[in-house]
Amino acid sequence: IATEYYKTLKKLCMASDVFEVERGFSLSHAFLPRDYEDENKLLHGFIDLYAIKGVNALVLDHKTGKKKEERWQSFDQTMLYTIWILKKYPQVQSVKCVYSYVEHDYRNVRVFTRDELQYMENKFRAKIEKIENDTKFEKNVTKLCDWCDFKGTHCQLTDEELLRVI
């Protein structure tokens, strides 16, 4: 059964100038928008849903499992989507980012504006620089380790380490 939220979301999408579902995106090293398949990319991913109406955009990322309280929610993932949207659609001035916890009918929301674009780029440049300059490659054991492509190959995560975070 569709909740009122999703009924309203469907109406919003239908009234939008642009909307896409499961849109692959890429950003170049200069944080310029690229197509998902572009070989000259720094990073890429999929946006669950975005919609644009005039100068406003909406980004929706569906989450399953345990919900996060808003105070603990990191908006880094949707911040990358925001950079892509602001660069691809110069008329957009604000992006409403929503993490929707499907089973809980619960959402965390944050709005980013074009005025924050430089801050967002600088934040990710610092993270990228840290990664590129790392020489120790220490393990960062998290609950996501069990799904990591490097488990058992590049990263020799022990069962004991994994059990501590599961």
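Nothing in this text is a laboratory measurement; each read-out follows from the coordinates by a stated rule. Values in this document were obtained by computation on a predicted structure and should not be read as measured data. Cβ coordinates were reconstructed from backbone atoms using ideal geometry, including for glycine residues, and neighbour counts include every protein chain displayed.
Here is how the numbers come out for the structure above:
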{"read-out": "Under 19 Å from the Cα of LYS66 - aspartates and glutamates, other chains or at least 8 residues apart", "value": "ASP48, ASP76, GLU103, ASP105, ASP146"}
{"read-out": "Cα-Cα over 23 Å, subset of LYS11/LYS41; LYS87/LYS127; LYS63/LYS130; LYS7/LYS87; LYS68/LYS136; LYS96/LYS130", "value": "LYS11/LYS41; LYS63/LYS130; LYS7/LYS87; LYS68/LYS136; LYS96/LYS130"}
{"read-out": "Amide H within-cut-off set for LYS63, under 5 Å, with H built and near neighbours excluded", "value": "SER100, TYR101, VAL102"}
{"read-out": "Alpha carbon convex hull of the range 1-47, projected area averaged over orientations, nm²", "value": "4.4"}
{"read-out": "Net length gained if the chain between LYS123 and GLU39 were fully extended (0.36 nm per residue, minus Cα distance)", "value": "27.9 nm"}
{"read-out": "Selection from TRP72, LEU43, HIS62, by position along the positive dipole direction of the range 37-77 (Cβ)", "value": "TRP72"}
{"read-out": "Whole-Å semi-axes of the ellipsoid equivalent to the range 47-108 (Cα gyration tensor, √5λ, descending)", "value": "23, 11, 9"}
{"read-out": "Kirkwood-based Rg to Rh ratio, the range 1-104, C-alpha trace", "value": "0.98"}
{"read-out": "Within the range 21-38, backbone nitrogen closer than 20 Å to the virtual label 7 Å beyond the Cα of GLU132 toward Cβ", "value": "26-35, 38"}
{"read-out": "Projected label distance in nm at SER28 and LYS88, using a 7 Å step from Cα toward the beta-carbon", "value": "1.6"}
{"read-out": "Cα-only Debye scattering, the range 36-150: base-10 log of I(q)/I(0) at q = 0.16, 0.21, 0.24 Å⁻¹", "value": "-0.93, -1.33, -1.42"}
